[in-house]
Amino acid sequence: MSRMVPTATTSDLHDTSVITPTCIMLTYISNTDHYNLVLSRVASVRKSLWIGTADIKDLYVKVGDGTLPFLAVLAKLVRKGVEVRLIHAKEPGPAFREDFDKYPSLASGLERVLCPRVHFKMLVFDGSAVYFGSANLTGAGIGMKGANTRNFEAGLLTDEPELVRQAMQQFDEVWMGLHCAKCLRRKYCGDPIA
């Protein structure tokens, strides 16, 4: 279910006569909407895409009458100069790695870090919209698996500026290794960020 929520914005918070009503997107995402409403936004990103996931597996997307690995979409973004960042908790499986090797632009252009404490699932689109919820970057989570085989997932998709800012801040803190120095799970971290 999607709805536009009226909010107020102003360039001067102290002058209430300047308040201009605007609407934000706030959409509840469940099950196949993860593919239809969230993953489908990835191809239209112009500047940046930040992806955080606990689990990452080989994942496919519909293209015309066929399918392509999601990594093909990411490779195309990277070739267009889009900043693509990926944080994940564990090494992906062999099918993912095999597909990864088919797209040389990912080896040099995809920014990727591993943090075994990451359990959040989020996608930040051009710093202006965010999905956060339960779906991992897998076929059964956010991918195109069928209604009778996919996971039951839930999340929110929004462009509400404060929620986008907070999600980006959390992502960036992990990305920059802010928590690494005091982390008590460092022995499980094969490639420490900091």
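The values are calculated or read from the model by the stated rules, or taken from the named source; none is laboratory data. Quick caveat: nothing in here was measured; it's all calculated off a predicted structure. Counting neighbours? That spans all protein chains shown, and the Cβs are built from the backbone with ideal geometry, glycine included. To get the accessible areas, we keep the full protein, side chains included, count just its heavy atoms, and leave off ligands, DNA and RNA. Shrake-Rupley method; radii C 1.70, N 1.55, O 1.52, S 1.80 Å.
Taken along its three principal axes, the alpha carbon spread of segment 85-132 comes to 30, 24, 15 Å, from the longest extent down to the shortest. Annotated for segment 23-172: lysine pairs at least 8 residues apart or interchain, Cα distance under 25 Å, count 28. On the chain, 55 percent of the accessible area sits on carbon and sulfur atoms, based on a 1.4 Å probe. Helical runs assigned H by DSSP (4 residues or longer) give the chain a calculated mean residue ellipticity at 222 nm of -5500 deg cm²/dmol, each run adding -39500 (n - 2.57) before division by the residue total. Could you tell me whether segment 27-122 comes out rounded, prolate or oblate from its Cα gyration tensor? Rule is a ≥ b ≥ c as square roots of the eigenvalues, rounded for a/c under 1.5, then prolate if a/b exceeds b/c, otherwise oblate. Since a/c stays below 1.5, the shape of segment 27-122 is classed as rounded.
3J(HN,Hα) along segment 29-42, derived from phi through the Karplus expression 6.51 cos²θ - 1.76 cosθ + 1.60 where θ = phi - 60°, amounts to 10, 9, 6, 5, 4, 4, 6, 5, 10, 9, 4, 5, 6, 4 Hz, with x in place of Gly and Pro. Residue-wise HN-Hα couplings along segment 120-128, as the Karplus relation 6.51 cos²θ - 1.76 cosθ + 1.60 with θ = phi - 60° gives them from phi, are 5, 10, 8, 10, 10, 9, 6, x, 10 Hz; Gly and Pro carry x.
From the square roots a ≥ b ≥ c of the eigenvalues of the alpha-carbon gyration tensor of segment 36-194, which class results: rounded (a/c under 1.5), prolate (a/b over b/c), or oblate?
Cα axes put segment 36-194 in the rounded bin.
Here's the picture: a label point sits 7 Å out from the Cα of Arg41 along the beta-carbon direction, and within segment 141-155 the residues with their amide nitrogen under 13 Å of it are 155. Once the chain from Val63 to Tyr188 is taken as fully extended at 0.36 nm per residue, the excess over their C-alpha distance is 41.2 nm. Backbone amide hydrogens, once placed in the peptide plane, bring Glu83 within less than 5 Å of Ser48, Leu49, excluding anything fewer than 5 places away on its chain. Using the 1.4 Å probe convention, the accessible area of segment 88-194 works out to 55 Å² per residue with neighbouring protein chains retained. The string of couplings for segment 178-190 from the Karplus curve (6.51, -1.76, 1.60, θ = phi - 60°) is 4, 9, 5, 4, 9, 5, 8, 10, 4, 5, 8, 9, x Hz, one whole number per residue in order, with x for Gly and Pro.
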